[in-house]
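Right, one structure below, let's go through it.
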Amino acid sequence: MSELPAYKTIIVTKIDNSAGLKVGQIQFNRPDVLNALNIELMGELLDALQKFDKDGETGCIIITGSAKAFAAGADIKEMATQSAIDMHIRDQFAVWDKIRKIKKPVIAAVSGFALGGGCELSMACDMIVAAESAKFGQPEIKLGVIPGAGGTQRLTRAIGKARAMEMILTGRMYSAREMYEAGLVSRLADDEVFIEEAVALAKEIASMPPIALQMAKDSILKAFDTTIEGGLEYERKAFYLLFASEDMKEGMGAFVEKRKPKWKGK
Ligand code: CAA
């Protein structure tokens with residue numbers, strides 16, 4: 001991807017990384033509505049994610065918003081007049097299944113509001129780096145609905161049944177620190193430096209061998225939808241398969257020869 005596409009609702013950039021592959025950054029750009037996730041934005045987000053996923057120069061992807069909002073949820077104004085059949089026919093959450101299929105690691109860099117679909121999107125990413133000001137919540141209950149883009153499932157797996165129940169049944173907002181302590185957020189940083197922290201983490205990950213990264217991500221995600229036995233089997237097969245990669249030969253060779261490895265992504 002030498003030329004980055006221009007979008008209406010997101011801004012995409014590539015960040016150079018002296019240690020390895022570049023970092024692809026996607027920033028939501030609907031400031032007037034606190035980055036509410038309308039159908040157009042979700043379509044553009046998926047397109048950008050898929051392009052970065054296929055791009056040989058990109059090793060890791062960051063999704064971020066603005067200081068005030070990562071995203072304040074699905075676009076309520078777009079949904080408010082829909083009937084159940086409209087929702088069924090346009091199946092707007094189907095796009096989320098494709099986001100789940102992105103192979104490269106994706107980091108959510110969250111400041112401000114991450115509510116409803118915004119919270120769910122951060123959880124659909126592989127890691128969450130949060131600014132101290134970030135606020136997480138699933139307020140759908142206050143609108144007469146429930147989380148519809150994975151909240152009841154991902155939140156429960158991430159922070160446990162009791163805390164997920166409280167969060168979803170009250171619709172309350174929780175601080176980044178509370179979510180860090182609950183295990184939803186992997187890294188907490190001051191507002192002034194949180195994006196640098198997220199980029200540093202993304203660069204570190206993007207300096208690792210790409211095929212092994214993808215196998216590691218895939219195997220970790222397997223833990224959520226299989227038995228321990230099935231998951232261990234899956235991990236072992238992925239481990240053995242990596243012995244067919246040039247990067248495995250390079251990684252182990254470089255260790256033995258006491259030099260820095262040069263990854264090929266093959
Ligand atoms: N959809 C559409 N517009 C939204 C929005 C949303 N989710 N969230 C905020 N906006 C709009 C507001 O309507 C407002 O627009 P106007 O200036 O035209 O009135 C603008 O963004 C700024 O918002 P506020 O004036 O409300 O800002 P605030 O600082 O006073 O409050 C807030 C911030 C607490 C986040 C409040 O905006 C809010 O409660 N937003 C809705 C949060 C929500 O309920 N999210 C869940 C959506 S449903 C969902 O996500 C389903 C799912 O599972 C996928």
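Applying the set (1) within 15 Å of the ligand (Cβ to nearest atom); (2) of a type in the set (Gly, Ala, Ser); (3) modelled with pLDDT of 95 or more to Ala94 leaves exactly one unmet item: (3).
Within the range 30-63, being in a helix (DSSP H, G or I), open to solvent by less than 50 Å² (accessible area, probe 1.4 Å) and more than 16 Å from the ligand (Cβ to nearest atom) holds for Glu44, Ala48, Leu49, Phe52, Asp53. Counting only helices (runs of 4 or more DSSP H) wholly contained in the range 166-266, the ones carrying 1 or more residues that are touching a strand residue (DSSP E or B) at 6+ places or on another chain (Cβ under 9 Å) occupy 176-182, 194-206, 210-222. Considering the range 111-157, the qualifying strands (runs of 3 or more DSSP E), each wholly inside and each with 2 or more residues that are within 11 Å of the ligand (Cβ to nearest atom), within 24 Å of Gln27 (Cβ to Cβ) and not hydroxyl-bearing (Ser, Thr, Tyr), run over 113-115, 135-137. Checked against the criterion of being open to solvent by 60 Å² or more (accessible area, probe 1.4 Å), under 18 Å from Val199 (Cβ atoms), at pLDDT 95 or above and out of contact with any Cys (no Cβ under 7 Å at 6 or more places or on another chain), the range 64-80 has at least one qualifying residue. Looking at Leu155 and the list (1) closer than 25 Å to Val33 by Cα; (2) in contact (Cβ under 8 Å) with a residue 60 or more places away in the chain; (3) crowded, with 19+ Cβ neighbours inside 10 Å, which single condition is not satisfied? For Leu155, the exception is condition (2).
The values are calculated or read from the model by the stated rules, or taken from the named source; none is laboratory data. What you are looking at is a predicted structure, and each value in this text was computed from that prediction instead of being measured. Ideal geometry is used to build each Cβ from the backbone, glycine not excepted, and the neighbour counts take in all protein chains shown. Heavy atoms of the whole protein, side chains included, go into the accessibility calculation; ligands, DNA and RNA do not. Shrake-Rupley method; radii C 1.70, N 1.55, O 1.52, S 1.80 Å.
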